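Asks: A single structure is presented below for examination.
The values are calculated or read from the model by the stated rules, or taken from the named source; none is laboratory data. If you're wondering where the values come from, they're calculated on a predicted model, not measured in any experiment. Note that each Cβ is placed from the backbone with ideal geometry, even for glycine, and that neighbours are counted across all protein chains shown.
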Amino acid sequence: SSPCDRPVPPTAGLSHDKWEIHPSELMLLEELGSGQFGVVRRGKWRGSIDTAVKMMKGGTMSEDDFIEEAKVMTKLQHQNLVQLYGVCSKHRPIYIVTEYMKHGSLLNYLRRHETSLIGNMGLLLDMCIQVCKGMSYLERHNYIHRDLAARNCLVGSENVVKVADFGLARYVLDDQYTSSGGTKFPIKWAPPEVLNYTRFSSKSDVWAYGVLMWEVFTCGKMPYGRLKNTEVVERVQRGIILERPKACAKEIYDVMKECWAHGPEDRPGFRILKDQLALVAQGLT
Ligand SMILES: CN1CCN(C(=O)c2ccc(Nc3nc(-c4cccc(NC(=O)c5ccc(C(C)(C)C)cc5)c4)cn4ccnc34)cc2)CC1
């Protein structure tokens, strides 16, 4: 029978997966970086949209689970979250396509601009507040990051800072990265309940956020210096916390210390943190 006399199914047109990006719509440009997970390149989507394209090396992630989750992630939209545009999942390696952030990771940005940043407490605090806003949005949507750190935030034009790779840690297959005993586990950003029971929550993200604030106010120093992971675990479990950075006012350090309360229930949520930091920022002007 000719198509015109076949009834049109009500789902016609809805079946195309809008989170699926066709590779023909992508023009791959220079490499931005690489790691054991694969390569990241800048790209142009539909001719004009600047993107970052993660080409995930096989065996890095549980891809089918991630592709399922991508449908949820594309719905998370906030000016301080790196927007997931979609995935190319019909070929291998899969591509993860996000908005492009032209100044790269916050960690490298802090290290590269230390001299101009170190005296500018207002700008450093503003960077922390932007990350807090992105995290407050995730908290409101009951979305846990699991690997919040300055290396996983990105800087765009006009000192915009956005949180990236939220939730991605759940799909990494390398158990050196996923288990708290592994060599690649982010021990220095983990609270006691994660070190002891891998109990992740928005309150474990708050602990990591306190460490990210410390990274910002030290312009990208490594937390706990050259201490081995085992020594950091021992200190954190005994309640020893990071010292106040020289460039950090006491009232800002007071907020960091709240993020490092031993019990997750004693830590403030990101909504509270946002209000507290806004008050501190007012006090600075
Ligand atoms: C003047 N400077 C010159 C040098 N410079 C750059 O080269 C530069 C410029 C822009 C960059 N932007 C981005 N860079 C990246 C990027 C670059 C290198 C590596 C990565 N790494 C990843 O995405 C990544 C890392 C780990 C993982 C696991 C699986 C372990 C959880 C997953 C993914 C991301 C992602 N982006 C997403 C949006 N924008 C960017 C990155 C670098 C910065 C500006």
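Asks: Here are some residues: V232, V280, V194. Which one is touching a residue at least 24 places away in the same chain (Cβ under 8 Å), in a helix (DSSP H, G or I) and within 28 Å of R170 (Cβ to Cβ)?
Replies: It is V232.
Asks: Oh, and also: Exactly one condition in (1) within 11 Å of the ligand (Cβ to nearest atom); (2) buried (at least 17 other Cβ atoms within 10 Å of the Cβ); (3) at pLDDT below 95 is not met by W19; state its number.
Replies: All conditions pass for W19, except number (1).
Asks: Still on this structure: For the range 93-100, does any single residue satisfy the condition of being at positive phi, surrounded by 18 or more Cβ atoms within 10 Å (Cβ to Cβ) and outside any loop (DSSP other than H, G, I, E, B)?
Replies: No: the range 93-100 contains no residue that is at positive phi, surrounded by 18 or more Cβ atoms within 10 Å (Cβ to Cβ) and outside any loop (DSSP other than H, G, I, E, B).
Asks: Of the residues K133, K162, which single one is farther than 19 Å from P264 by Cα, outside any helix (DSSP H, G or I) and in contact (Cβ under 8 Å) with a residue 24 or more places away in the chain?
Replies: K162
Asks: Considering only the range 101-123, state which residues are near the ligand (Cβ under 8 Å from one of its atoms) and either part of a strand (DSSP E or B) or in contact with a helix residue (DSSP H, G or I) (Cβ under 7 Å, 6 or more places away or on another chain) (or both).
Replies: Within the range 101-123, K102, H103, S105 qualify.
Asks: One residue is enough: does the range 135-153 have a residue meeting the conditions surrounded by 18 or more Cβ atoms within 10 Å (Cβ to Cβ), among the small types (G, A, S) and near the ligand (Cβ under 10 Å from one of its atoms)?
Replies: no
A quick yes/no check of all residues on (1) at pLDDT 95 or above; (2) more than 10 Å from the ligand (Cβ to nearest atom); (3) touching a helix residue (DSSP H, G or I) at 6+ places or on another chain (Cβ under 8 Å):
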{"residue": "G35", "(1), (2), (3)": "no, no, no"}
{"residue": "R42", "(1), (2), (3)": "yes, no, no"}
{"residue": "M56", "(1), (2), (3)": "yes, no, yes"}
{"residue": "N80", "(1), (2), (3)": "yes, yes, yes"}
{"residue": "Q83", "(1), (2), (3)": "yes, no, no"}
{"residue": "V87", "(1), (2), (3)": "yes, yes, yes"}
{"residue": "V97", "(1), (2), (3)": "yes, no, no"}
